[in-house]
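Remarks on the structure that follows.
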Amino acid sequence: MNESEKKKMNARAVGRLSLYRRMLQVLEMRGMDSVFSHELATLAGTSASQVRRDLMSLGTSGSPSSGYSVRDLGEAISAAISGVQRQPVVLVGVGNLGRAVLHYFQNNHPGLEIVAGFDSDPEKRGRVISGTPVYGLSYLPGRLAEDGIRTAVLTLPAESAQEVTDLLVGAGVVSILNMTNLRLKVPEGVYVEDTDIGVALERVAYFGK
């Protein structure tokens, strides 16, 4: 899949492909070599026809008799959504949530690498947390330019989120995972994925009454 084709994928399609890949990783750990579209659909909570449409967009087709190769399909999805090279990401805000994200990313996303963390707290600067070096915010524009980084994760207090977002966008970032409770203002062409853990937990708790 070339760069122009990747741009045509919408956020929902990318999310489904990422979910399929996680399901395939589980199947491979269980020793399964192949999977049918209806089996993958059941695991992912979607329809077999949706799975087939998503996988056809990768130029991948299964066999009616044996389904899809678990390993080959996982590699095809990784190439489509992550690329063949590791994608560098920065994280801003190395508090409790930021540390948890750094720890999680260490081994769970081979296509992504958080190459640097940034924080305004002088006690955190110069440290290495979960294998990631932490710098002051003044180093942020230079590091982004040096490595051509275009993706960032925000795990900092909401009151600082917009100011840091403006700094990130000005330095070339075009995609942001926003884990604050502030809805960011960004120019057209910048993608923001909002993930508010507090809202998600309250929603889950409501249905657990």
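The values are calculated or read from the model by the stated rules, or taken from the named source; none is laboratory data. All values reported here derive from a predicted model rather than from experimental measurement. Using ideal geometry, Cβ is built from the backbone for each residue, glycine included, and neighbour counts are taken over all protein chains shown.
The figures follow:
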quantity: Residue check, Val128 farther than 24 Å from Pro187 by Cβ, exposed (fewer than 15 other Cβ atoms within 10 Å of the Cβ) and at pLDDT 90 or above; calculated: yes
quantity: Subset tally (residues that are in a helix (DSSP H, G or I) and without any contact (Cβ under 8 Å) to a residue 60 or more places away in the chain) for the stretch 168-192; calculated: 2
quantity: Thr165 part of a loop (DSSP other than H, G, I, E, B), surrounded by 21 or more Cβ atoms within 10 Å (Cβ to Cβ) and of a type in the set (Ser, Thr, Tyr); calculated: no
quantity: Subset tally (residues that are in contact with a strand residue (DSSP E or B) (Cβ under 9 Å, 6 or more places away or on another chain) and either at positive phi or not in a loop (DSSP other than H, G, I, E, B) (or both)) for the stretch 62-72; calculated: 5
quantity: Subset tally (residues that are over 14 Å from Leu19 (Cβ atoms) and not aliphatic (A, V, I, L, M)) for the stretch 40-54; calculated: 3
quantity: Every residue from the stretch 131-146 that is modelled with pLDDT under 95 and aliphatic (A, V, I, L, M); calculated: Leu137, Leu140, Leu144, Ala145
quantity: Number of the condition not met by Gly83 [criteria: (1) out of contact with any His (no Cβ under 9 Å at 6 or more places or on another chain); (2) modelled with pLDDT of 85 or more]; calculated: (2)
quantity: Conditions (1) in contact (Cβ under 8 Å) with a residue 24 or more places away in the chain; (2) out of contact with any His (no Cβ under 8 Å at 6 or more places or on another chain); number of the one not met by Ser130; calculated: (2)
quantity: The stretch 127-165, residues that are out of contact with any helix residue (DSSP H, G or I) (no Cβ under 8 Å at 6 or more places or on another chain) and among the aliphatic types (A, V, I, L, M); calculated: Val128, Val134, Ala145, Ala158, Ala161
quantity: Tally, over the stretch 16-61, of residues that are among the basic types (Lys, Arg) and in a loop (DSSP other than H, G, I, E, B); calculated: 1
